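Have a look at the structure below, then the notes.
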Amino acid sequence: MSDPLDERDVAGDPLALVAGAAEPYLGGLAERPVHDPARDALLDELDGPLPAEGDGSVAAVERLLRVGTAAATHSSGPRCFHFVVGGSTPAAMAGDWTTSLLDQGAGLWVLSPFAARAETVALRWLKELFGLPAGFGGVLTPSATLAHVTGLACARYRWADGYGVDVTSRGLAGLPQMPVFSSGLVHVSTRKALQILGCGRDTLRTFARDDAGRVDLDAMDAALARVDGRAVIVANLGDVNTGDSDPIADLADLAERHGAWLHVDGAFGMFAALSPRTEHLARGVERADSVTADGHKWLNVPYESGFSFVRDRSLLSRSFGAWGAAYLPDEDDERINYNMLGPESSRRARALPIWATLRAYGRDGYREMVERHLDVARHLGELVEASPDLELLAPVQLCIVCFRYRPEGVSESRLNDLNARLGEALIADGRVFAGTSTYRGMTVFRPALVNWRTTKADVELLVDVLRELAPAVRG
């Protein structure tokens, strides 16, 4: 088999294979380990020289499914707590399959009015979900990192404009360094965005009043005064180790007093706005100049999915549009060309799974899911506190629980190494997927509970497996 044209009459056959594999795979996620410790041998079946004559689509997809359903990390399952990884709701997964089926170019209206309209509606629904003003501009991105690039590019445009420079056309040459201030809760993706934008990842300054990274408002206030307010403030809604958040309303006050730009990193913490129990954490987000969040976290849509919202919508096109290419259409408020509002030119129609899941479950469904995860996180925190050999290290505020293994008779100097080895053993075991991090100088576990399938039974298993593995690790 060589030319795909030879398969034009059976083009649906490989898709039928995937559809047939979906039910048993998804139905077994609750019981299967998050990964198979013996998967390396299976992965070798993906390798080999490029075939001169192909196997045909059915044989190729059969192999891919056989290897993938066994060797993949089953991150759609209920016990994948490493990093902050959501699953895919049934509607979102079907929406993503529809995206691949229709294969729409979502950058230009003329190429796909369907994809452009779906993105416009999805962005409006997301603003309603989070309580953001309707006037904010927005664009979907592949990730929170690219969403940061989008929002901070707009901040950079406005900052450079204060010096009389159109940074889109002239670049940064001759300009001073753009001051960017944050707390110690700032995520590495913000620094990466600054790196991509040519501002430098290490130019960001943090102002923390304690070793947990909580913001020192007075010190930041004084620093803003020294730069005459020509700065960007990054507020963090949902720290990856503890779920802690900056006081966004206080930072909004600082931004307004000094004329600084306020950028909010709400990668997963934006969903705090959905519950009356946590909405206070998001108070002040509506006053920001730019806001970012991820879809493949608490929204539970497939990778890749992020979104960026900007108060002054004109800055999106000023930062990313006006290419001057004769074959591209001009900007149009009604027929939106989203490739002129963000960093991508060729864009997948990633609005479809977002539209599908929001249409399927609505505001109330997402509120119920968020509140269930809040309950599960609190339950895990209670299990940790009730365990004589586990130590809770931060209050449970959102969907992340920060703790460590601390058995009696082990000195503080040995605990970091012990917890690191226990983390390695947990990942190698495969039943539950949760890694370690560093918090206040301590090696800790920080499972993130954002998968729609996750229940209290899943975090109970995490505690059981850790306590089962710990004696052999301790030695």
If exposed means GluC sites (Glu not before Pro) lying in a DSSP loop and surrounded by at most 11 other beta carbons within 10 Å, then the longest stretch of the chain lacking such sites spans residues 54-333
Expressed per residue, the solvent accessible area of the chain in Å² (1.4 Å probe) is about 44 Å²
At R0 = 41 Å the Cβ-Cβ FRET efficiency linking R205 and A22, nearest 0.05, sits at 0.25
Heads up, segment 4-73 by the C-alpha gyration tensor (a ≥ b ≥ c square roots of eigenvalues; a/c under 1.5 rounded, else a/b over b/c prolate, else oblate) looks oblate
Label model pair L42, D389: point-to-point distance (7 angstrom along the Cα→beta-carbon line) in nm is 3.1 nm
Classified through the alpha carbon gyration tensor (a ≥ b ≥ c as square roots of its eigenvalues; rounded if a/c is under 1.5, else prolate when a/b is larger than b/c, else oblate), segment 332-377 comes out prolate
Under the 7 Å Cα-to-Cβ spin-label approximation, S346 and E53 lie apart by a distance in nanometres of 3.0 nm
A chain fully extended from R32 to V227 at 0.36 nm per residue, minus the present Cα-Cα distance, gains in nm 64.7 nm
For the K192, D9 Cβ pair and Förster radius 60 Å, calculated FRET efficiency rounded to 0.05 is 0.80
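Under 14 Å from the Cβ of G198, count the other residues' Cβ atoms, weight Lys and Arg +1, Asp and Glu -1, and hand me the total.
Net charge in that neighbourhood comes out at +4.
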With +1 on the Cβ of every Lys and Arg and -1 on the Cβ of every Asp and Glu, the dipole magnitude of segment 4-73 about its Cα centre, in debye rounded to the nearest 20, is 280 debye
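Using unit Cβ charges (K, R positive; D, E negative) and no other charged atoms, how large, in debye to the nearest 20, is the dipole of the chain about its Cα centre? It would help to have the intermediate numbers written out before the result.
Details: 48 positive and 64 negative charges, 221 e Å.
Computed charge dipole of the chain: roughly 1060 debye.
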Taking a crude spin-label model, label points 7 Å out from Cα along the C-beta direction, the E460 to R170 distance in nm is 6.6 nm
Mean projected area (nm²) from the convex hull of Cα positions in segment 278-403 is 10.6 nm²
Taking 0.36 nm per residue of separation between Y303 and A420 and subtracting their Cα-Cα distance, the length gained on full extension comes to 39.3 nm
The percentage of the accessible area of the chain (probe 1.4 Å, all protein chains present) made up of carbon and sulfur atoms, to the nearest whole number, is 51 percent
The chain: antiparallel bridges as % of DSSP beta bridges, rounded to 5, reads 60 percent
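Could you tally the net charge around D429, taking each other residue with its Cβ under 13 Å from the Cβ of D429, Lys/Arg +1 and Asp/Glu -1? Present the calculation step by step, with values, prior to reporting the outcome.
Details: positive: R79, R421, R431, R467; negative: D36, E424, D464, E468.
Here the count lands on 0.
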Applying the gyration tensor rule to the Cα atoms of the chain (axes a ≥ b ≥ c; rounded if a/c under 1.5, else prolate if a/b exceeds b/c, else oblate), the class is oblate
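The values are calculated or read from the model by the stated rules, or taken from the named source; none is laboratory data. Keep in mind the model is a prediction, meaning the values are calculated, not measured. Cβ sites come from the backbone with ideal geometry, for glycine too, and all protein chains shown count toward neighbours. To get the accessible areas, we keep the full protein, side chains included, count just its heavy atoms, and leave off ligands, DNA and RNA. Shrake-Rupley method; radii C 1.70, N 1.55, O 1.52, S 1.80 Å.
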